[in-house]
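Everything below concerns the one structure shown next.
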Amino acid sequence: MGIIDAENKAFALAAVQKAKTIVIASHIDPDGDAIGSSLAWALILEKLGKEVIVYNRDGVPYSYEFLPGTELFVDHLPATCDLLCLLDCSEFERAGKDLVEWRGYDQSLCIDHHLTTDSAADINLVYPRACATGELIYELALCLDPDFKFNVAVNLYTAILTDTGSFRYSNSTPSSFAIAGDLVARGVEPWSVTQQVYESQPVGRIKLAGRVLETLCISASGKAAAVWVTQKMFDETDTNSEYTDGLVNYPRSIAGVEVAFMAREISPEEYKLSFRSRGTVNVAALAAEFGGGGHHNAAGCRLQGCLPELIEQVFAIVDKSLQRADSR
């Protein structure tokens, strides 16, 4: 049956069919779901004869350069287009300042699976039940090109694989596995994708991981843990923010830890926090307290201040949340 309701799906497909020029945009610091969904959607639309531009301020991370269609990505917006498709985020701000200020589109369509209260597009396909935006693109692809081939399938598989943590996270559903099975039937080789995404790391990534793990600290309760990364660490290992993907999972893997987060320095005394939960604490709600958001088990926000004080502040909130959970 799929997740997208019939009325919204009809509006979205009609907008796509009407448009001649389409811009696809996704959030800054793109992950596998943002990249894979954008490329799969672009390839589907190109086959329909659309003129497509895939925009991302930060470009394609090294882990996803193997995917078909990466040459479509650009870091600048055109003068105009008929339809803007915002993928894997519902807030225009998540795609960067340039997109917020751009007014060159006639209509906008949002396709996302994050829980949000700000769906600002003209047409919104926002379904938190989906394991990934890739699942929603898969459903639309079946409507537009049911016989889509490997180049689309491998992008969708990568989107779903990465956003489910290789099918380890709680958002892995029967639908996730069924879609993955269909994508494998279309030619995707799971080991090949896994090797490209997770086992082709530059030396700098390993050096950075070592520096980050040295920062590990644990809350008084032993149920929260944190690591951090500074611009100095990036400079010393010749890396950047894209090399931090997945590092927050190390502190979460500690026995007894319920919530982990990584603080990444953006500028002096400004940090981006990435939260991960084992399920007891809703880190989307936690991030929302600081103006961020995300999923129950994975969320983020930005904070300003002195790093040690920020860590203690978050630890106190997490421990309080866990105490409330224990008392129920």
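Throughout, read-outs are computed from the coordinates displayed, never taken from laboratory work. Fair warning: this is a prediction, and the values are worked out from it, not measured in the lab. Here Cβ is always computed from backbone atoms with ideal geometry, including for glycine, and neighbour counts include all displayed protein chains.
Figures for the structure shown
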item	result
Footprinting exposure proxy for HIS76, HIS295 (fewest neighbouring C-beta atoms within 10 Å first)	HIS76, HIS295
Among PHE73, ALA12, CYS143 - extreme Cα towards positive end, dipole of the range 6-198, charges at beta-carbon	CYS143
J(HN,Hα) series, the range 63-70, from Karplus relation 6.51 cos²θ - 1.76 cosθ + 1.60, nearest Hz, glycine and proline x	5, 10, 5, 6, 6, x, x, 4
Note, ³J(HN,Hα) from phi for the range 162-168, Karplus 6.51, -1.76, 1.60, rounded to Hz, x at Gly and Pro	6, 7, 9, x, 6, 6, 9
Global form of the range 51-130, assessed from the alpha-carbon gyration tensor, a/c cut-off 1.5	oblate
Residues whose placed amide H lies under 5 Å from that of CYS85, excluding near-sequence neighbours	VAL23, ILE24, ALA25, LEU109
3J(HN,Hα) from dihedral phi, the range 203-218, Karplus parametrisation 6.51/-1.76/1.60, rounded to Hz, x for glycine, proline	4, x, 5, 5, 4, 5, 4, x, 5, 5, 5, 5, 8, 3, 9, 10
Percent of beta bridges antiparallel (DSSP, the range 6-198, rounded to nearest 5)	0 percent
Helix-only [θ]222 nm of the chain, DSSP H runs n ≥ 4, -39500 (n - 2.57) each, per residue, nearest 500	-12000 deg cm²/dmol
Cα-based shape type of the range 6-198, given that a ≥ b ≥ c are square roots of the gyration tensor eigenvalues and the cut on a/c is 1.5	rounded
DSSP bridge orientation in the chain - percent antiparallel, rounded to nearest 5	40 percent
5 angstrom amide H check on GLY96, placed H, neighbours 5+ away	ILE28
Shape category assigned to the range 184-328 from the gyration tensor of Cα positions, a/c cut at 1.5	oblate
TRP228 long-range amide H proximity, modeled H, under 5 Å	THR215, ALA263
